[in-house]
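The values are calculated or read from the model by the stated rules, or taken from the named source; none is laboratory data. Everything numeric here is computed off the predicted structure, so don't read it as measured data. Neighbour counts are summed over all protein chains in view; Cβ atoms, including those assigned to glycine, are modelled from backbone coordinates with ideal geometry. SASA here: full protein model, heavy atoms, side chains in, ligands and nucleic acids out. Shrake-Rupley method; radii C 1.70, N 1.55, O 1.52, S 1.80 Å.
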Amino acid sequence: SYEGPRAGLDRATQSKRQPGSTFKPFVFGAGLVTRKTTPATLLPTDPAALEGGYRPKNYDKSTGGEPLRARAALAKSVNVSAAWLGQQAGPAEVAKLASALGVESELGATPSIALGAYEVTPRELANAYASIAAGGQAEEPRLVLKVVGPDGVEIPLRPKPQRPRAMSEAEAYVLTDMLRSVVGEGTGRGAQALRRPIAGK
């Protein structure tokens, strides 16, 4: 039950929800890492191209025919293209990359992972995006940067654990550039109001 602002629920770290299309960068990232796609690769938009019985629909009905370049498919958030690429790269590879970038919640290696069906916290998602921006190098998020004792002496924090690189710098650069297209001409055009270089989903 809700007890007001002191209820104790931290939505950033404890409240999980399905990320939906905000999970697609990990699908396209897995496509880059496994060499199944480049930004110029043509991806299908017709559900008939999908294997098995998984048949997601496109939100925008105008994208259900001709193939689109991967860059445009990500920018326009085409579900079928993401699902197809998820099948090609492999759901396990998508889950592996997302986890390596900072998603700690359990992810299933099923076709629906491509459309963000597995719940994550906002903090996990933000950390994974930050890892892409950091050239593919994930770090444990740290909320406390410095502690100073009553005598004015800084108390050393435990060292950050070293994580293996999730993506090469080149792969992270290409993925970030694709995410710039989301803001430039895709579903994230509203973010242009910030008037600064920005990438996102």
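Observations
- Qualifying lysines (Cα of each under 19 Å from Cα of K36; at least 8 residues distant if same chain): K24, K96
- Gain in span if fully extended, Y59 to A92, counting 0.36 nm per residue against the direct Cα distance: 9.4 nm
- Dipole of the chain, positive direction: furthest Cα of L9, P25, Q88, with charges on the beta-carbon: P25
- In terms of packing, defined here as the mean over residues of other Cβ atoms within 10 angstrom, the peptides 175-186, 36-47 line up highest first as 175-186, 36-47.
- Within the chain, no helix built from a complete DSSP H run reaches 27 Å or longer along its own axis (Cα positions) while carrying a mean Kyte-Doolittle hydropathy of 0.5 or higher.
- Whole-Å distance, taken between Cα centres, linking segment 110-161 and segment 18-79: 28
- Extended-chain gain in nm, criterion 0.36 nm per residue less alpha-carbon gap, Y173 and L194: 5.4 nm
- Each Lys and Arg adds +1 at its Cβ and each Asp and Glu adds -1 at its Cβ; summed about the Cα centre, segment 16-127 shows a dipole of about 240 debye.
- Value of D in µm² per second that Stokes-Einstein yields for segment 119-198, Kirkwood Rh from Cα pairs, at 25 °C (0.890 mPa s): 161
- Peptides ranked, highest mean first, by Cβ atoms within 10 Å: ranges 156-168, 80-92, 16-28: 80-92, 16-28, 156-168
- As a fraction of the 1.4 Å probe accessible area of segment 35-76, surface on carbon and sulfur atoms comes out at 54 percent.
- Computed magnitude of the charge dipole of the chain (debye, nearest 20; Cβ of K, R +1, Cβ of D, E -1): 380
- Segment 49-120: proportion of alpha-carbon pairs further apart than 20 angstrom, %: 31
- Between the amide H of L68 and those of L43, T45, distances stay under 5 Å, these residues lying 5 or more places away or on another chain, with hydrogens modeled in the peptide plane.
- Multiplying each eigenvalue of the alpha-carbon gyration tensor of the chain by 5 and taking the square root yields semi-axes of 33, 19, 17 Å, largest first, rounded to whole angstroms.
- Among L68, L50, L145: highest mean-square fluctuation, GNM of the chain, C-alpha pairs under 10 Å: L145
- Look at the dipole of the chain built from charges on Cβ: of G102, I155, A191, the Cα furthest out on the positive end belongs to A191.
- Convex hull projection area averaged over all views, segment 62-173, Cα basis, nm²: 9.2
- Note that segment 40-80 shows a convex hull volume over its alpha carbon atoms of 59 Å³ per residue.
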